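Notes for the one structure printed next.
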């Protein structure tokens with residue numbers, strides 16, 4: 001049986017390191033093409049929550065995360081194929097440096113034959129930028145480097161020096177001027193959330209679009225050959241309606257916003273009704289059978305969370321009724337007895353789980369791990385700059401991707417599951433359904449390896 005294929009121009013925005021301007025360039029390019037009436041589908045490499053929020057606003061389209069380890073090749077292939085069926089252009093923003101991680105951005109680009117543009121902050125260098133790009137190009141022979149985007153370029157002469165030093169095989173796609181109006185605001189876990197600075201972002205997107213157009217990036221894009229995207233060779237397992245008739249309350253506000261769209265899509269595919277609520281401003285929970293308290297920035301809103309005693313009482317009553325709750329990272333901090341913020345002020349939290357949370361400066365934990373749950377293994381990741389002390393004995397730990405040491409602790413109190421890990425639900429929908437099931441009898445231990453389902 002022949003495999004379906006579709007062609008679509010695509011470009012992978014990569015860099016030699018973090019902080020080079022990948023998101024700024026990707027967002028500006030997405031807005032530029034959107035302003036021209038183009039449908040642009042953007043993907044983000046790796047387990048990132050903040051960049052997709054920015055890119056979704058810039059492109060006007062949903063943004064999915066693609067990670068070969070966490071989601072699997074078949075999932076990524078299906079996502080690319082579906083996007084190519086509807087888009088005029090596909091953009092993929094890489095993570096960290098293009099060769100960093102296992103799998104890396106380069107691994108994803110190589111597997112799907114997507115050409116890569118190298119974004120490099122060239123402040124303080126000229127010909128050396130050409131030398132660095134040349135080294136990146138020659139490091140692997142299975143990737144296609146479309147050229148260099150010189151970011152933070154100081155002048156026309158600066159551009160000429162860089163362009164003159166580049167080999168003929170590596171074109172200078174664009175030189176983006178050094179302009180603070182183009183940069184995106186950041187805080188301790190990355191970019192500031194899009195919802196907090198929506199109007200400011202709009203001005204930056206438009207400025208970025210104009211700068212990229214003036215830099216001639218559209219001409220470079222017109223020279224790209226379409227990429228052939230192929231549907232998965234093997235039929236992915238269909239999503240089963242395991243949560244039909246269930247309502248899941250999902251915390252969503254400025255304090256809790258680290259949510260994969262793919263997770264929401266899967267819950268709905270399994271038949272669940274999602275009811276969003278705000279622990280910051282609502283006084284009661286929606287009618288629901290289970291709760292999901294995702295990650296976010298509770299440390300920035302700890303006083304408001306503490307002051308909302310009505311919501312705290314509602315969640316405490318829900319917990320006491322032995323109903324399922326999943327608390328991830330920021331949700332874990334919310335479930336502890338106290339949380340000490342960056343100003344060293346301690347705030348009262350839910351107290352569902354013994355322990356005290358505290359922020360700890362610039363030091364943090366991150367990495368890909370498999371959550372070894374009684375319901376079954378689910379892949380995900382950790383990324384936090386806080387610590388939890390005085391917690392009870394965990395029921396297990398995350399299994400690190402490539403290291404034998406135990407990963408993040410996983411706590412279970414009544415039907416509450418709390419951990420620093422952010423789970424990628426499509427990796428094991430059966431386990432996720434058991435986790436959110438209103439019936440404790442459904443939560444039988446499962447020991448089979450996780451596998452990926454299709455999300456239609």
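Only the coordinates and a few stated rules stand behind these numbers; no lab work does. Everything numeric here is computed off the predicted structure, so don't read it as measured data. Backbone-built Cβ (ideal geometry, glycine too); neighbour counts: all protein chains shown.
When only alpha carbons are used to place a centre, segment 13-34 and segment 40-77 end up 14 Å from one another. A viscosity of 1.567 mPa s and a temperature of 4 °C, combined with the Kirkwood radius over Cα pairs in Stokes-Einstein, give a translational diffusion coefficient for segment 362-432 of 104 µm²/s. Given in Å, the Rg to one decimal and the Dmax to the nearest whole number for the Cα atoms of the chain are 22.7, 71. Cα centroids of segment 293-337 and segment 394-438: 18 Å apart. Per residue, the average separation of C-alpha pairs within less than 8 Å and at least 6 apart gives the chain a relative contact order of 14 percent. Rg ratio for segment 1-111: its Cα radius of gyration over 2.2 N^0.38 Å, N being its residue count, equals 1.02.
Quick check: pseudo-label points 7 Å beyond the Cα along Cα→Cβ at residue 228 and residue 138, how many nm apart are they? The modelled label-to-label distance comes out at 3.2 nm. Each distinct pair of alpha carbons in segment 75-170 adds a 1/r term; the inverse of their mean, the Kirkwood radius, is 14.7 Å. Could you give me D for segment 247-442, from Stokes-Einstein at 4 °C and 1.567 mPa s, where the hydrodynamic radius is the Kirkwood radius over C-alpha pairs? Units µm² s⁻¹, please. Calculated translational D: 78 µm²/s. Return one number: the angle in degrees, 0 to 90 and rounded to the nearest 10, between the long axis of the Cα atoms of helix 50-59 and the longest principal axis of the Cα atoms of the chain. Value to nearest ten degrees: 60.
Where the alpha-carbon atoms of segment 2-60 are placed on the principal axes, they occupy 42, 27, 20 Å, in descending order. Ranked by the mean number of other Cβ atoms within 10 Å of their residues, highest first, the peptides 314-325, 213-224 come out as 314-325, 213-224.
For segment 5-230, the pair-distance distribution built from all alpha carbon pairs, in bins 5 Å wide starting at 0, is 1, 7, 16, 20, 22, 17, 11, 4, 1, 0 percent. For segment 272-338, the Kirkwood estimate of the hydrodynamic radius, built from every pair of different alpha carbons, is 12.2 Å. Within segment 243-349, DSSP assigns beta bridges of which about 30% are antiparallel (rounded to the nearest 5).
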